[in-house]
1. Once the piece of chain linking Asp298 and Glu244 is laid out straight, how much longer is it, given 0.36 nm per residue of separation minus the C-alpha distance between them?
2. Between the helical axis of 128-139 and the dominant principal axis of the chain, each derived from Cα atoms, what acute angle in degrees is found, rounded to the nearest 10?
3. Taking every Cα atom in segment 121-251, find the radius of gyration and the maximum pairwise distance Dmax, and write them in Å.
4. What is the spin-label model distance, in nm, from Leu268 to Val103 if the labels are put 7 Å beyond Cα along the C-beta direction?
5. So, for the chain, what is the accessible surface per residue at a probe of 1.4 Å, expressed in square angstrom?
6. Got the relative contact order for segment 182-264 handy, in percent, Cα pairs under 8 Å and 6 or more residues apart?
7. Could you tell me how many degrees, from 0 to 90 and to the nearest 10, lie between the Cα long axis of helix 11-22 and the main elongation axis, the longest principal axis, of the Cα atoms of the chain?
8. Using a/c under 1.5 as the rounded threshold, could you call segment 4-169 rounded, prolate or oblate? The axes a ≥ b ≥ c are square roots of the C-alpha gyration tensor eigenvalues, and prolate needs a/b larger than b/c, oblate otherwise.
Amino acid sequence: MAELNEILGNERIKEHFITAVHHKKISHAYIMEGDKGSGKKMLAEAFSKILQCEGRETTGLVESCGKCESCIQMEHHDHPDVIWVSHEKPNVISVGEIREQIVNTVEIMPYKGPYKIYIVDEAEKMNAAAQNAILKTIEEPPEYAVIFLLTTNRGAFLDTILSRCILLATRPVPGTAVEKYLVEKCSVSKEEAEFAAGFSLGNIGKAEAIVSSEEFQDLKELTLSILRYIHEIESYEIADKVKEYKKYKNRIEDFFDIFLMWFRDIMLLKADNSVNAEAAKKKIIFKNEYAYLKKQVDKLDLEAIDYVIGKIHRARVRIKSNVNFDATLELLIVEARREF
Ligand SMILES: [Zn+2]
């Protein structure tokens with residue numbers, strides 16, 4: 001696991017944690033909000049490691065020693081006083097689970113560390129009853145308790161929870177830092193790193209997942225094979241292509257992202273007045289597709305590009321609400337083609 005000072009970006013959150021430790025003002029409840037892959041778990045874990053470190057008293061530093069028993073247990077993800085709250089059903093964290101794993105155990109003193117830390121990932125999945133149950137603990141926590149609620153959407157929480165937690169939101173990491181990280185840690189080419197950094201919009205977890213996934217590369221190729229000729233694609237071709245997406249049903253968000261980035265690139269090139277192609281390429285994500293993009297730029301006006309981007313968002317929502325998969329993809333491609 002990464003140490004707090006090794007984590008890229010999110011300086012404000014790191015600073016917040018360091019100041020809290022320095023002044024011994026640790027809050028009992030934190031909400032950490034950010035997209036999947038934006039570093040919430042890593043930050044919560046690194047902070048927990050510092051809080052629990054036994055060697056810190058002697059070093060006096062605001063960082064974990066990496067050598068004490070507590071640090072080693074953190075490394076192995078089996079620290080008895082850092083509890084990851086689990087849930088059985090994929091889309092809900094029930095009141096039973098919160099009671100069993102937090103409310104009923106929080107009064108028991110930490111086993112060895114100075115703190116008893118609970119980390120609830122995907123905390124937006126707590127239903128109202130579960131939130132009310134955890135609220136009691138947040139309102140009157142024992143001195144040693146620290147609760148992290150990690151979430152993609154703070155809007156899912158009751159106001160009473162929001163008002164009692166310190167809210168920390170993760171931010172995108174600058175593209176150049178993501179690139180450097182990917183080249184050094186994942187040994188990918190500069191070109192691949194550049195694409196992944198741009199495509200993930202500064203989300204390191206996402207960028208890392210992209211460069212290490214063959215499936216993503218295949219999905220990207222398939223989608224580009226549509227996008228390059230979308231202005232002249234025939235209806236029968238659309239139906240054929242859409243069938244190929246069946247095996248990527250679990251990654252369909254990536255399909256929408258690729259589609260969106262393509263039209264975002266067109267939009268950027270439309271508004272661009274760079275002196276030459278090399279300068280223009282610097283601004284877009286699909287640099288290798290510049291020639292294809294450029295052809296389409298001239299065929300669309302800004303209003304049409306805007307229209308297609310709106311349709312991509314709508315298709316995304318439709319898929320989430322279980323509208324027919326093939327029909328949704330097909331409709332999106334047809335709607336995009338119509339604008340040329
Ligand atoms: Zn330590």
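1. Length gained, Asp298 through Glu244: 16.5 nm.
2. The two axes meet at around 40 degrees.
3. When restricted to the Cα atoms of segment 121-251, Rg and Dmax are 21.4, 67 Å.
4. Simple spin-label model gives 4.9 nm for this pair.
5. Roughly 52 Å² per residue, with all protein chains present.
6. Normalised by residue count, the contact order of segment 182-264 is 25 percent.
7. 0
8. prolate
The values are calculated or read from the model by the stated rules, or taken from the named source; none is laboratory data. Note that the structure is a prediction, hence the values are computed from the model and not measured. Positions of Cβ are backbone-derived with ideal geometry, glycine not excepted, and every protein chain shown enters the neighbour counts. Only protein heavy atoms, including side chains, enter the accessible area calculation; ligands, DNA and RNA are left aside. Shrake-Rupley method; radii C 1.70, N 1.55, O 1.52, S 1.80 Å.
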